[in-house]
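Undergrad: If you scroll down you'll find the structure; I have some questions about it.
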Amino acid sequence: MLIIPAVDIQKGKVVRLYRGNFKLATTYSDNPVKMAKYWQKTGAKMLHVVDLDGARVGRMKNYSLIKKIVKAVSIPTQVGGGVDSELLVDKLLSSGVSRVILGTVALESESLLKTLVDKYGSCIAVALDVNNYSLSKRGWQKMTGKNIFYQAKRLETLGVKRFIYTDIARDGTLTSPDCRLIRKLVNSINCPIIVSGGISTIKQIKKIKALKAEGVIIGKALYEKRLNPKEVFNVN
């Protein structure tokens, strides 16, 4: 199972939001590149990098910094936040990004989504950012009213090969994931799912693994030292 540390970037710093609220951001590092190298050194097998500024406005704002992160580490990176065009996807993948995460654009333009998954295949993942079973967009700021289960099935028929599921209401809370929803989501589609939001213990990670999720993304629990990285990156 993949245990992936999050490197969320806001104004050039590594931060964690509380329930997707940009006004409730906690800064953990002024140096995202150094932070990424630290996670690799402590055993991470992959990084989850998000341009929060880009996600909020719908246009990537930290491309040059993300490029530096990718060059500084040898482990795969998945990157999202304000990805809005085929040109940007091509730039990210050409710069060494392993997987590009589509958020708002996947919900607003099925034609562009289809073009991207047809061209790039498994190098594309789609974010399912959820609050009360409804998907959000624009950096979690706008609810779509679209049901997660219906939309996941719809996106899978368009060729999506992987989903990144985030429970907004639990993200950054250090509480617990909604395993009932995760189980239902895993059972409703055929492609892999990576889970994030509220994960704070190894016991929770093992429970999600038992639900057949492909991996988990962990942020605040690592930054707040609730979890030991050398231990958690070797969970089996």
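A short reminder: the numbers here are calculations on the coordinates, not readings from a lab. What you see is a predicted model; the values in this text were computed from it and never measured. In this analysis, Cβ positions are derived from the backbone assuming ideal geometry, glycine residues included, and neighbour counts consider all displayed protein chains.
Undergrad: Suppose each label sits 7 Å from its Cα in the direction of the beta carbon; what would the residue 224-residue 23 distance come out to in nanometres?
TA: Label-label distance for residue 224 and residue 23, simple model: 2.1 nm.
Undergrad: If the viscosity is 0.890 mPa s and the temperature 25 °C, what translational diffusion coefficient in µm²/s does Stokes-Einstein give for region 1-139 when Rh comes from Kirkwood over Cα pairs?
TA: Once the numbers are plugged in, D ends up at 162 µm²/s.
Undergrad: Would you mind computing, in nm to one decimal, how far apart the modelled labels at residue 181 and residue 234 are, each placed 7 Å from Cα along Cα→Cβ?
TA: 3.4 nm
Undergrad: Turning to a different aspect of this structure: I'd like the Karplus ³J(HN,Hα) series for region 29-42: coefficients 6.51, -1.76, 1.60, θ = phi - 60°, whole numbers in Hz, and an x wherever there's a Gly or Pro.
TA: 7, 8, 9, x, 5, 4, 5, 4, 5, 5, 5, 5, 4, 8
Undergrad: In addition: Lysines within cross-link reach of residue 206: Cα-Cα under 21 Å, excluding same-chain residues under 8 positions apart?
TA: Cross-link targets: 45, 184, 220, 225, 230.
Undergrad: Here's something else I'd like to know. Cut-off is 10 Å between beta-carbons; in what order do 128, 211 appear when sorted fewest neighbours first?
TA: 211, 128
Undergrad: Give me the distance between the Cα centres of region 1-78 and region 87-147, rounded to whole Å.
TA: Distance between centres, Cα-based: 17 Å.
Undergrad: Counting only DSSP beta bridges with both residues in region 2-232, tell me the antiparallel percent, nearest 5.
TA: Rounded to the nearest five, the antiparallel share is 30 percent.
Undergrad: Given a Förster distance of 25 angstrom, what is the FRET efficiency for residue 150 paired with residue 212, based on the Cβ-Cβ distance and rounded to 0.05?
TA: 0.75
Undergrad: Here's another thing I want to ask about it. Which net charge results for the neighbourhood of residue 38, defined as the other residues with beta-carbon distances under 14 angstrom from its beta-carbon, given Lys and Arg at +1 and Asp and Glu at -1?
TA: Here the charged neighbours net out to +4.
Undergrad: Roughly how big is region 2-232's charge dipole about its Cα centre, with Cβ charges of +1 (Lys, Arg) and -1 (Asp, Glu), in debye to the nearest 20?
TA: 580 debye
Undergrad: Still on this model: So how long is each side of the chain along the principal axes, counting just the alpha-carbon atoms, biggest first, in Å?
TA: The principal-axis extents, from largest down, are 41, 39, 33 Å.
Undergrad: Can you sort 129, 167 by how many other beta carbons sit within 10 Å, fewest first?
TA: 167, 129
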